[in-house]
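Q: Here it is, the structure, as structure tokens.
Every read-out reported here was derived from the displayed coordinates using simple, explicitly stated rules and does not represent laboratory data. All figures in this text were calculated on a predicted structure; none of them were measured in a lab. When we count neighbours, we look across all protein chains shown, and the Cβ atoms used for this are built from the backbone with ideal geometry, even at glycine.
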Amino acid sequence: MSGAHTEEHHDTHQQSWWSTYVFSTDHKTIGIQYLFLSLFFLLVGFCLMLLMRWQLAYPGQPLPIIGKWFGEANMPGGVMLPQFYNQLGAMHGTIMVFLGVVPLGFAVFGNYLIPLQIGAKDMAFPRLNMFSYWSFLAGGLLMVSSFFLPGGAASNGWTSYSPLSDIAHDGQTVWLISMAIIIVSSLLSSLNFITTIFNLRAPGMTFERLPFFIWAQLITSFLLLLAFPPLEGAAFLQLFDRLLGTSFFLPTGLFVNGQIYNASGGGNPLLWQHLFWFLGHPEVYVLILPALGIVTEIIANNTRKNIVGFPIMRASVIFLGFLSFVVWSHHTYLTGMGTDITAFFQTTTMIISIPSVIIISTLFITLWGGSIRFNMPMLFALAFLPMFGFGGLTGLPLGLAATDIPLHDTYYVIGHFHYVVAPGVILGLFAGIYYWFPKATGRKMNDILGHLHFWPTLISMNFVFFPMLIQGLMGLNRRMYDGGATYSFNHDILYWNVVISWAAWILALAQIPFIFNFFYSIFNGEKVHSDNPWGATTLEWATPTPPGHGNFTKPITVYRDPYSYSLPGAPRDFSPQDQKEI
Amino acid sequence: MEHPTEEFIPYIIESRPDTGLYNAKFGIWLFLASEVMLFGSLFSAYILLRVGSFSWPVQSEIQNVAIGAINSVVLLSSSIFFIRAWVALKADDIAKYKKFMSLVILFAFVFLTLKGVEYYQHFSHHEYPKTSVFLGLYFLMTGLHALHIIGGIAVNSFYIGPGLKLREINKQWFINRVEVAGLYWHFVDLVWIFLFSTLYLL
């Protein structure tokens, strides 16, 4: 039986360089592979947006210096063509969501930390884990390479609404195939994570003792497992429409360029929207929950106290997971759904804000009376709270049909969800990188460079996204190639486009200290002298630094709740979970 | 031992007491849950498109219900053979296991052949996916199902071929894997029952 020889002789395991660093089945190596790849994709997606911001701020003016690099087909004489703008927009959304933030929050931190925090030696299915990574790499590279197709990349927004995307050029076909591959990858990751959390917990690690990060990853995994397949089904349907001439999403009598479109008809464009948003809304929580998990760990650690209302938080995140499957149609109020259905989705949308507010509130209340340490991870985590809260609050008008209908196709929506994802989730993920960097490398990231990264990032992000809310309330339409200059009623607010664009470029400059810091600190950062430099309680700090193959050097037993900080009578202000006496 | 994980990962062979499952069984149930959502999305698409359509063919008239019914019997039989193969394996009767597993694979091929005959009949009547929304759904859903059958054939063949090597390392481990493959096979079978009812009879 395997149980008999699970403990022994893993130190003698000899592996080649390739199987250690490239085709590795070790969860930590895979996590770090995901880290480099998803940070790379984040940068790519961000650069696409920087290009778009030029066109929005200075429509029709040639982009100096680098404008000529993009070819005559995309930017003749450095002036961006509308088709290219649309490609950039669609690919910015797709890359940021599916190739950047989701892998960074879910796959990177999940892979690296789940076995460590539950006291396991690896994932339940290590080879499947490796397969997930390599299929993600294949899907991601295929997606990005679609820019080099004759017609360019997909250009129908990250939502790929039919019927436009049914009749679009070949970039859309590649988009669908890449998405199918990426979905398979995340599906396998999620079932791997769930099995690991249920079956590989160390002795004594009951569900009550799981850190909140694990709970967040568990719920995220369930969302990915159950919400992604419908998008895969939808992708098959759209592929059939595009390649075999079916009409699942094409209505009878569709006119294109003034002529009736040659299709058998009988389909329904709304079907795509519903299948897409059935994924799309749980996907929002897939973006948020890992960041919430990370921030919870950091706040408990740096306030040196237990999370207030931890059981309520746990219940909230479970409730949130269930509810996220029945709110999707608040994205489709504009389609003219009946009032009964609208009322249902308004109600569920208002209800789902309750668990989110509970989670944020418990984190805020935890700060009360804590002896807060303002280190780099904590600064990012503290910035996450109001930014994410603000993003959530600006979403309330969008959950109600009466206010959503005038706002939906404006920059207000862009401002809202970017507040959730950029100053919200991405700051949370940065916090995680700064927090667990010493565990993965044995060195801390530099604090001065950290401040040079944090403050300009926080300020410029607000200058990027807050003006969008103003513009949206004034009626500026989204997806406008010229930034809205076509319509005279926009002329009073066009100057904000220039402000936003310069803020975005400053935001780009503010990432340089981070990139430098990241690579510099791997080799030259200040060494940590302990396996537990932050004085944390969870199990990942009970490993050597960096953890070797097999993670733990001694058998792990868990004795207490995850955030046992400042227990009365304890000799130190933290009592690790694996330590018998407090 | 060539299995890279065997030294590290508990509950590959015996079940974890508090969850009652070994890892692979846990994983396959989760996988099947996601498969339910995948086919579920296509069934919902079917419902929405049919309810919203102006005209819908009388399915039993353009479908070969006889072949569909025979195919249902074929797949159900293969599921029964699978159980008999697994029981034989647990009883350590490897010859009987191989016999029944070969029958599973043979019946899967019979299913695919009959499916091919149906497709051929449709094509010879100039009925293609683009002919109507119903036919599009028919070809997509049965095609996706056929891909699952092909995947099942590959897995099942592996376990009477090279996969048998695992049995020499640990018999229970091998039995577990066949059980997991069986769960998948029964699921594919079950999907067909829904497909047959929806696309032929309703």
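Q: Projecting each Cα onto the charge dipole of the stretch A:156-252 (Lys/Arg +1, Asp/Glu -1 at the beta carbon, about the Cα centre), which of A:Ala227, A:Thr195, A:Thr173 comes out farthest on the positive side?
A: Highest projection toward the positive end goes to A:Thr195.
Q: Non-local amide H neighbours of A:Val256 (under 5 Å, H modeled in plane, Pro and chain starts lacking H): which ones?
A: A:Tyr261
Q: Ignoring everything except DSSP H segments at least 4 long, calculate the 222 nm mean residue ellipticity for chain B; use -39,500 (n - 2.57) per segment, divide by total residues, nearest 500.
A: Values: 7 runs with 147 residues, N = 202.
Theoretical 222 nm ellipticity from helices: -25000 deg cm²/dmol.
Q: Can you list the residues, at least 5 places off or on another chain, whose amide H is less than 5 Å from the amide H of A:Glu526, using H built in the peptide plane?
A: Those lying under 5 Å, H to H, from A:Glu526 are A:Lys444.
Q: Now, a different point. In what sequence, highest mean first, do A:217-229, B:165-177 appear when ranked by Cβ atoms within 10 angstrom?
A: A:217-229, B:165-177
Q: Taking the number of other C-beta atoms within 10 Å as the exposure measure, put B:His186, B:His145 in order starting with the fewest.
A: B:His186, B:His145
Q: Need one value for B:37-47: mean number of C-beta atoms belonging to other chains within 10 Å of its residues' C-beta atoms.
A: Neighbouring Cβ atoms belonging to other protein chains average 6 per residue here.
Q: Can you give me the pair-distance distribution of the stretch B:128-172, C-alpha pairs, 10 Å bins, whole percents?
A: The distribution over the stretch B:128-172 is 25, 27, 20, 15, 11, 2, given as percents.
Q: Given the pairs A:Lys305/A:Lys444; A:Lys28/B:Lys171; B:Lys25/B:Lys98, which span a C-alpha to C-alpha distance of over 26 angstrom in this model?
A: Check vs 26 Å cut-off fails for A:Lys28/B:Lys171.
Q: I would also like to ask the following. Measure of size requested: the Rg and Dmax of the stretch A:192-242, with Cα atoms as the atom set and Å as the unit; please supply both.
A: Just the Cα atoms of the stretch A:192-242 yield Rg and Dmax of 16.2, 54 Å.
Q: Here's another thing I want to ask about it. Subtracting the Cα-Cα distance from 0.36 nm times the residue separation, let me have the gained length for B:Asp93 to B:Thr19 in nm, one decimal.
A: Between B:Asp93 and B:Thr19, full extension yields 23.6 nm more.
Q: Determine the dipole magnitude for the stretch A:23-542: charges of +1 sit on the beta-carbon of Lys and Arg, -1 on that of Asp and Glu, nothing else is charged, the reference point is the Cα centre, and the result goes in debye to the nearest 20.
A: The dipole of the stretch A:23-542 has a size of about 1100 debye.
Q: Which value in nm describes the separation of the simple spin-label points at A:Thr347 and A:Phe516, placed 7 Å from the Cα toward the beta carbon?
A: For the pair A:Thr347/A:Phe516, the computed spacing is 5.7 nm.
Q: Please return the longest stretch of chain A lacking exposed loop sites, where GluC sites (Glu not before Pro) count only if DSSP places them in a loop and at most 12 other Cβ atoms lie within 10 Å.
A: After excluding every exposed loop site, the longest remaining stretch is A:73-580.
Q: Given the DSSP H assignment, sum -39500 (n - 2.57) over each helix run of at least 4 residues in chain A and divide by its residue total; what's the result at 222 nm in deg cm²/dmol, nearest 500?
A: One gets -19500 deg cm²/dmol as the mean residue ellipticity at 222 nm.
Q: Kindly provide the trypsin sites (Lys or Arg not before Pro) of the stretch A:442-525 that DSSP labels as loop, not H, G, I, E or B, and whose Cβ sees at most 13 other Cβ atoms within 10 Å.
A: A:Arg479
Q: While we're on this one: Using the alpha carbon gyration tensor of the stretch B:128-202, what are the three equivalent-ellipsoid semi-axes (square root of 5 times each eigenvalue), largest first, in whole Å?
A: Taking √(5λ) for each eigenvalue gives 35, 13, 6 Å, largest first.
Q: Another question, then. What ranking, highest mean first, results for peptides A:126-139, B:120-133 when packing means the other Cβ atoms within 10 Å averaged over each residue? Present the calculation step by step, with values, prior to reporting the outcome.
A: Numbers: A:126-139: 19.9, B:120-133: 15.6.
The densest-packed peptide leads the list: A:126-139, B:120-133.
Q: If you don't mind, another one. Per residue of B:168-177, what is the mean number of Cβ atoms on other protein chains within 10 angstrom of that residue's Cβ?
A: 1
Q: Which of the chymotrypsin sites (Phe, Trp or Tyr not before Pro) found in the stretch A:247-335 are loop residues per DSSP with 14 or fewer other Cβ atoms within 10 Å of their Cβ?
A: Sites meeting the loop and neighbour criteria: none at all.
Q: Considering the stretch A:349-413, what Rg and Dmax in Å follow from its alpha-carbon atoms?
A: 15.2, 46
Q: Same structure, new question: So for chain A, Kirkwood radius off the Cα pairs, Stokes-Einstein at 37 °C and 0.692 mPa s: how many µm² s⁻¹?
A: 132 µm²/s
Q: Follow-up. Let me confirm one metric for peptide A:267-274, namely the mean number of other chain beta-carbon atoms within 10 Å of its residues' beta-carbons.
A: On the way: counts 7, 7, 0, 2, 6, 1, 0, 4.
Mean partner-chain Cβ count within 10 Å for A:267-274: 3.
Q: Given the convex hull over the Cα atoms of chain B, what projected area results after averaging over all orientations, in nm²?
A: Projected area, direction-averaged: 13.1 nm².
Q: Using a basic spin-label model with each label point 7 Å from the Cα along Cα→Cβ, how many nm lie between A:Glu526 and B:Leu202?
A: 6.5 nm
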